[in-house]
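Below is one structure, written out as structure tokens, with a few remarks after it.
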Amino acid sequence: MRRFTFSKVRQWSLAILIGSLGFASCDDEKINPDNSSTFELVRDDFQGEIADGEVVLESGTYKLTGKVIVKEGATLTIKPGVRIEASTISANRKEIRYIAVAQGGKINVQGTASNPVIMTADTKKPGSWGGLVICGRAPINKVSKDNPTQKTETASAEVSDLTYGGSIANDNSGSIKYLRIEYSGYSYNSEKEFNALSFFAVGNGTTVEYVQSYEGSDDAFEWFGGTVNAKYLVALNVDEENVGDDIFDWTEGWNGTGENWYGKRSNLGNRGIEADNNSDNYKSDPVSNPTIKNLTLIGAGTGGPEPQAIKMRVGTNGSFDNVVLSNWNVGFDIQHDESLAFVEAGQLKATNVKFDNVVTKSKGSSTAGATVDITKVYTENANATGAGAGTATPDWAKGWTVGL
């Protein structure tokens, strides 16, 4: 929390007052916990660097007026029901609004099913603020642009310039439970855009459960390497003027697991999943190879610019089980020789898949552009339940989400 500084006279006066009331102590009147931070927390001007200790957002609404960086050794704790609202960028306050956790920092979102934490914006429009960025020390497969055979252990995150990457697979960036992120995805330009929640080399010591992205303008969730696992994720895009990007996206060697994901869009955004390994070196190690179980992806129909449910390319691997795909032109689109080799070997696969209004169940293309038969990538099961209820809203997503 903020370290409030009182004059000695005011501290002395407060002590006399407490003593006169006969209290030896009063926890309700404590302003700083023992591990308090030097960060100055101002409810209507929440911004700056949290460099030490723990800052606790206790209740009510906090106005995000710039960027908040949680640095190494510091912790940002957000209690149930707290609402963080990004203010509108103006001529006087041009700083991009976002929250970022640096390597060695931690975020603890303590929402509940009945009282989730909400990160939103004053302007109820996709792309109104940056979103949440987490940078860890887990492995990535980034390579040098000048020499694609030369790996780099660390890199700079595209939307916060913070360092990410390393060799600590079980790195811990904190815990996130019952969080709703609304109207995120601020865009610097076409090549540099925030997502709702971005994982940069986040380790599997981090907990991520029950998170919704609502009306973001870029990807809802994106993994840049790392090993973090994520359960109970929801993404919803319905704004007809918002041609967003993908629902779920991974690259740079992500090797975590995903369980119970529900993504739905009725606007003309891109794919349900866009999955890469490394676009500069398709064989760069560690190879992206997550395991996804209980997945529902619902598209806007069989029109639109990129209506693929799952597109996997540039060397990514991965496995899926219990999948429902609804309202897409293409179910599985696998590209490039390296990813196709995983299909042929029986490693890149999807078991227990239910197709609902999907025109083409699968298609493949080699690096040279030749058509490849990849029907072996999936096995069907008409009784697949996906995220829990087929195309319907799963029970676990009810109550703490919006729009479903």
Linear extension gain, THR112 paired with ALA341, 0.36 nm per residue minus alpha-carbon span: 78.1 nm
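To the nearest 500 deg cm²/dmol, what mean residue ellipticity at 222 nm is calculated for the chain from DSSP H runs of n ≥ 4 alone, each contributing -39,500 (n - 2.57), summed and divided by the residues?
Values: 2 runs with 21 residues, N = 404.
My calculation for the chain gives -1500 deg cm²/dmol from helical runs alone.
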Hits among lysines - C-alpha to C-alpha of LYS349 under 19 Å, sequence gap 8 or more where chains match: LYS283, LYS293, LYS311, LYS361, LYS363, LYS376
Positive-end residue of PRO116, LEU348, ILE168, charge dipole of the chain with Cβ unit charges: PRO116
Simple label model, 7 Å out from Cα along Cβ direction - THR163 to THR88, nm: 4.0
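Could you tell me the relative contact order of segment 36-397? Use alpha-carbon pairs under 8 Å, at least six residues apart, and round to a whole percent. Intermediate values should be presented prior to the final figure.
Values: 1239 pairs, mean separation 35.7, N = 362.
Relative CO of segment 36-397 lands at 10 percent.
Within segment 272-349, which trypsin sites (Lys or Arg not before Pro) sit in a loop by DSSP and count at most 16 neighbouring Cβ atoms inside 10 Å? Working shown, then result.
Working: sites: LYS283, LYS293, LYS311, ARG313, LYS349; in loops: LYS283, ARG313.
Passing sites in segment 272-349 are LYS283.
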Neighbour net charge for ALA169 - beta-carbon separation under 15 angstrom, K R +1, D E -1: -3
Within straight-line cross-link reach of LYS124, lysines at Cα separation under 26 Å, skipping those fewer than 8 residues along the same chain: LYS63, LYS67, LYS79, LYS94, LYS177, LYS192, LYS264, LYS398
Option label - Cα Rg over 2.2 N^0.38 Å computed here, alternatives [x] 1.05; [y] 1.16; [z] 1.00: [x]
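Once the Cβ-Cβ distance between VAL402 and VAL359 is put in as r, and R0 is 30 Å, what FRET efficiency do you end up with, to the nearest 0.05? Provide the component values of the computation, followed by the final result.
Numbers: r = 31 Å, r/R0 = 1.02.
My answer for the efficiency is 0.45.
If the only charges are +1 at each Lys and Arg Cβ and -1 at each Asp and Glu Cβ, what is the size of the charge dipole of segment 104-213 around the Cα centre, to the nearest 20 debye? Numbers along the way, then the final one.
Details: 10 positive and 10 negative charges, 32 e Å.
With Lys and Arg at +1 and Asp and Glu at -1, about 160 debye.
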In range of the label at GLU95: residues from segment 53-70 whose backbone nitrogen is under 12 Å from the point 7 Å along Cα→Cβ: 64-70
Inter-site label distance for SER266 and THR302 at 7 Å from Cα along Cβ, in nm: 2.1
Inter-probe distance in nm under a simple model that places probes 7 Å from Cα toward Cβ, at SER144 and THR61: 5.2
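All of the numbers you see were taken from the coordinates with simple rules; none came from a lab. In this text the structure is predicted, and so the values were computed from the model without any measurement. Reconstructed Cβ throughout: ideal geometry from the backbone, glycine too, with neighbour counts over all protein chains shown.
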